[in-house]
Amino acid sequence: MARVKRGPGGATNRPDALAPGGMVATPEPSGRAAAGLAVSALALPPPDSAIRVTVEGDTPLVLDVVPDPAPADGPAAGALWSVRVLPRSDGQPTGSLRVEVVVDGWRFEVTVEPARRAALRERMQRQAGGPALGRQVVRAPLPGRIVGVWVAVGDRVAAGARLCSLEAMKMENEVLAHRAGTIEQVRVEPGARVEHGDELVVIA
Amino acid sequence: MKPPFRRVLVANRGEIAVRVIRACHELGCEAVGVYSDADVRAPHVRAADVAVRIGPPPAAESYLRIDAILAAARQTAAEAIHPGYGFLSERAAFARACAEAGIAFVGPSPETLAGLGDKLAARRAARAAGVPVVPGTLEPAPVEDLEAAASVLPEADRVGWPLMVKASAGGGGRGMRRVDEAGELPAALLAASREAAAAFGDGSVYLERYVQGARHVEVQLLGDAEGEIVALGERDCSLQRRHQKLVEEAPAPGLTAPRRRELHRLAVSVARAFGLRNAATAEFLLAPDGSFWFLEVNTRLQVEHGVTELVSGLDLVHEQLRIAAGESLSRRVRAAAAHAARPERHAIEVRISAEDPGREFAPVSGRITRWREPGGPGVRVDAGVEEGSVVGTDYDPLLAKLLVVAEDRPGALARLRRALDEFEVAGLQTTLPFHRWVAAEPAFAAAVLSTSFVPDRWRAAQLRAAAAARAAAIAATWTAATEFGRRGAEAWSGRPPDDVGPRRDPAADGSASSDERWVRVARREAVERWPA
């Protein structure tokens, strides 16, 4: 498991599994962040040099990383990776940069920005009132063709209810409701072609 | 040796089209390619001597159009058509249309395609030939509505649970479903039938027992016009997910020579019942008790034919073309068949697909921004894409096959791990992380194989999370070293291409700059981003 040592950011955590220079500052030096768990609310103010890294995914991985300018022990031998700058996307915070990181064949889209700036933005968002819970937008889990829509606007659905069927490549896949609610919008009809991430149904 | 044909049209795309075109050129035949609007710049088009447009991107309007392909063959005076796999390769109507147009179809006769294409007919014939068939039904199940479908329940109980619903015209996992209990069966029958009707124009489905813990083994067959049929060894294709093969190897691990001979003999007797000519593959289940059960025959070149080539030393496409030109089985084929039960090499193939193994192998699309294939001794890559290729969702997500061969299985596995380390792809997610896991998985090294190997052992979330943590550290390091891409990004992109991108890190010696040690790339060129 992780070796813990002191770094410029105070309590830092330097697991063996991390790639070169990676120092992960966590609220407690518990090593949980390195295990891939999201750490979204950081208690300590980030040091000047820390970088907020958001690895996109179903559960985004959010870490404040203090890059080690000269790592004493070198990178994990055998690690394979590449980094490439991606074009900006909608809603991307100013001053941040999106990159593609490929490591051991896994491809990630990662947003990086100074941790201080990210912390400031979050504080302002909190003061302005947090995002309202409520509507769930059900998106296409994979590209394909809609072969059936099983709900209409106004229907009440239970969690796990079938919303529509999506034929992708070779199989029919059922798209299910993740929670109970009322169907507010149906954005597709049978026969429609959808791309991964397209909105299918909105549950209010 | 005289070329079997002057000019051959390859009615396919992607890696298999490139592979067949290579064989044509080796035999001294000219190759005609065909392409849809999505493939204008595809490698298979450039590999061909001449290429003909056959329609817009959807397969139904291009690669599945018999008339367009025959018109292309006539226009280019092609003497033969090689269908590859998928698309029209197993359509009796296509083989018949070729014959009527006076063009040699590189594959079995229309009668064999029709006979074996009907899986139910194949099951009946295999049973008549004395080959053990997986228990199940031999007639199509009623699928008019849920009520009619429910009428097969007594028969389903006789077959035993869990069972498989399969499409009679099926192939490649389409129209196939596993059903665990009676309540699910009627709906599964209807869904499978609908899927089969859409994919094959025939919604007939049947029931087959699901054999727990079975391995999937298959036998490569070749037959000539004189009726001689030989088996060229078997392949183990147990590593599957949703009936899609992911990894294949030859020979099947753990079989003795007598057991191999028995399996090969069963396969030849099924093929003989249908008068097989050219190439086909008989698929079997190998039950945990060691018994073989016939599944079906695929009347085409398989995706995984390469592992048999690497072990036998034959080129199956060369042999296909010679047989299609009327030659009888060659001496080298007979010699390979004689040695098929005592293979002296081991080959493994992994399928590199545009699928996300972290998201249930969902197909992904995008532009390949980096593509570096492995090389060196015992490594073969059959690819249908290259750097810059745009991968859409109109076709099968298979991008390339990586094959390795060595004198034994441990040697082949070591070679596979080495080759996977060399394989670099960026721009879209591929199945590479899955294959890296397989190659390092002790159960695979120990050949503890079954068709449930992947669902039982593959834990994508853990592996992906560990890689995500590493990606975070890499991103931060890169960001600091380049000051958010402002400094050095251009300088790095100006380095020789070989110095850009991933590499195996040298041990830290303290003298190299941190940039050189860990940071690669930074090309700013805009790339197509696949939807997040």
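Read-outs: derived from the displayed coordinates by stated rules, not from any lab. Computed from a predicted model, the values in this text were never measured in an experiment. Cβ placement follows ideal geometry from the backbone for every residue including glycine, while neighbour counts extend to all protein chains displayed.
Think of chain B as having a plus end and a minus end, set by charges on the Cβ of Lys, Arg, Asp and Glu; of B:376, B:68, B:190, B:376 sits farthest toward the positive end of this dipole. Think of chain B as having a plus end and a minus end, set by charges on the Cβ of Lys, Arg, Asp and Glu; of B:363, B:28, B:230, B:28 sits farthest toward the positive end of this dipole. Of the peptides B:129-138, B:462-471, A:84-93, B:109-118, the order by per-residue mean of other Cβ atoms within 10 Å, starting with the highest, comes out as B:462-471, B:109-118, B:129-138, A:84-93.
Distance between the C-alpha centres of segment B:248-279 and segment A:82-132: 56 Å, rounded to the whole angstrom. Once you reduce segment B:176-229 and segment B:14-93 to the center of their Cα atoms, the two points are 28 Å from each other.
Between residue B:144 and residue B:121, residue separation times 0.36 nm minus the direct Cα-Cα distance comes to 6.1 nm. Across segment B:126-268 the C-alpha pair distances fall into 5 Å bins from zero in the proportions 2, 9, 15, 18, 17, 16, 11, 7, 3, 1, 0 percent. Only Lys, Arg, Asp and Glu carry charge here, each on its Cβ (+1 for the first two, -1 for the last two); on that basis segment B:136-209 has a dipole of about 340 debye about its Cα centre. Close amide-amide hydrogen proximity is noted between residue B:233 and B:220, each under 5 Å apart and 5 or more residues distant or on a separate chain (H modeled in the peptide plane; Pro and chain starts excluded). By the Kirkwood approach, averaging reciprocal distances over each pair of separate Cα atoms, segment B:215-463 gets a hydrodynamic radius of 18.6 Å.
A dipole drawn for chain B from +1 and -1 charges on Cβ atoms has a positive end, and of B:121, B:485, B:411 the residue lying farthest that way is B:411. Ordering A:54, B:477, B:256, B:76 by the number of other Cβ atoms within 10 Å of each residue's own Cβ, fewest first, gives B:256, B:76, A:54, B:477.
Across the alpha-carbon atoms of segment B:65-129, the computed radius of gyration and Dmax are 13.4, 45 angstrom. Hey, which of these cross-link pairs are over 22 Å Cα-Cα: B:119/B:245; B:119/B:401; B:2/B:401? Distance filter (> 22 Å) returns B:119/B:401; B:2/B:401. In chain B, helical runs assigned H by DSSP with n ≥ 4 each contribute -39500 (n - 2.57); averaged across all residues and rounded to the nearest 500, the mean residue ellipticity at 222 nm is -10500 deg cm²/dmol.
Distances between placed amide hydrogens fall under 5 Å for residue A:167 paired with A:145, A:146, A:147, A:173, all partners being 5 or more residues away or on another chain. About its Cα centre, segment A:136-203 has a charge dipole of approximately 100 debye under the convention of +1 per Lys or Arg Cβ and -1 per Asp or Glu Cβ, with nothing else charged. Would you mind checking which residues have amide H under 5 Å from residue B:55's amide H? H placed 1.01 Å from N; only 5 or more apart, or other chain. Under 5 Å from the amide H of residue B:55 lie the amide H atoms of B:37, each far enough along the sequence or on another chain.
Under the simplified labelling scheme, the residue B:334-residue B:61 pair shows an inter-label distance of 5.2 nm, with each label point 7 Å from Cα along Cα→Cβ. Computed from backbone phi, the HN-Hα couplings of segment B:366-379 come to x, 9, 7, 9, 8, 8, 10, 8, x, x, x, x, x, 10 Hz, rounded to whole numbers (Karplus: 6.51 cos²θ - 1.76 cosθ + 1.60, θ = phi - 60°; Gly and Pro given as x). Distance distribution P(r), segment B:136-209, all Cα-Cα pairs, bin width 10 angstrom from 0: 24, 60, 16 percent. Other residues within the sphere of radius under 10 Å centred on the Cβ of residue B:14, judged by their own Cβ, net out at -2 (K and R +1, D and E -1). For the peptide B:459-467, the mean number of other protein chain Cβ atoms found within 10 angstrom of a residue's Cβ is 6. Simple point charges give the picture: +1 on the Cβ of Lys and Arg, -1 on the Cβ of Asp and Glu, and for chain B a dipole about the Cα centre of about 820 debye. Applying the Karplus relation 6.51 cos²θ - 1.76 cosθ + 1.60 with θ = phi - 60° to segment B:142-156 yields 3J(HN,Hα) values of x, 9, 4, 7, 4, 5, 4, 4, 5, 5, 8, 4, x, 5, 4 Hz, where x marks Gly and Pro.
Ranking of B:2, B:166 by neighbouring Cβ atoms within 10 Å, starting from the fewest: B:2, B:166. Other residues with beta-carbon under 11 Å from the beta-carbon of residue B:217 carry, at +1 per Lys or Arg and -1 per Asp or Glu, a net charge of -2. The order of the peptides B:310-317, B:447-454 by mean Cβ neighbours within 10 Å, most packed first, is B:310-317, B:447-454. For segment B:7-106, a Kirkwood hydrodynamic radius built from all Cα pairs, placed in the Stokes-Einstein relation at 20 °C and 1.002 mPa s, yields a translational diffusion coefficient of 167 µm²/s.
Across segment A:188-196, computed HN-Hα scalar couplings (Karplus, 6.51 cos²θ - 1.76 cosθ + 1.60, θ = phi - 60°) run 9, 9, x, x, 5, 8, 10, 9, 4 Hz from first to last residue, x flagging Gly and Pro.
Of A:156, A:121, A:107, B:331, the sequence from fewest to most neighbouring Cβ atoms within 10 angstrom is B:331, A:156, A:121, A:107. The mean count of C-beta atoms from other chains within 10 Å of the C-beta of residues in A:91-104, rounded to a whole number, is 6. Within chain B, helices built from complete DSSP H runs that reach 18 Å or longer along their own axis (Cα positions) and carry a mean Kyte-Doolittle hydropathy of 1.0 or higher are B:185-200.
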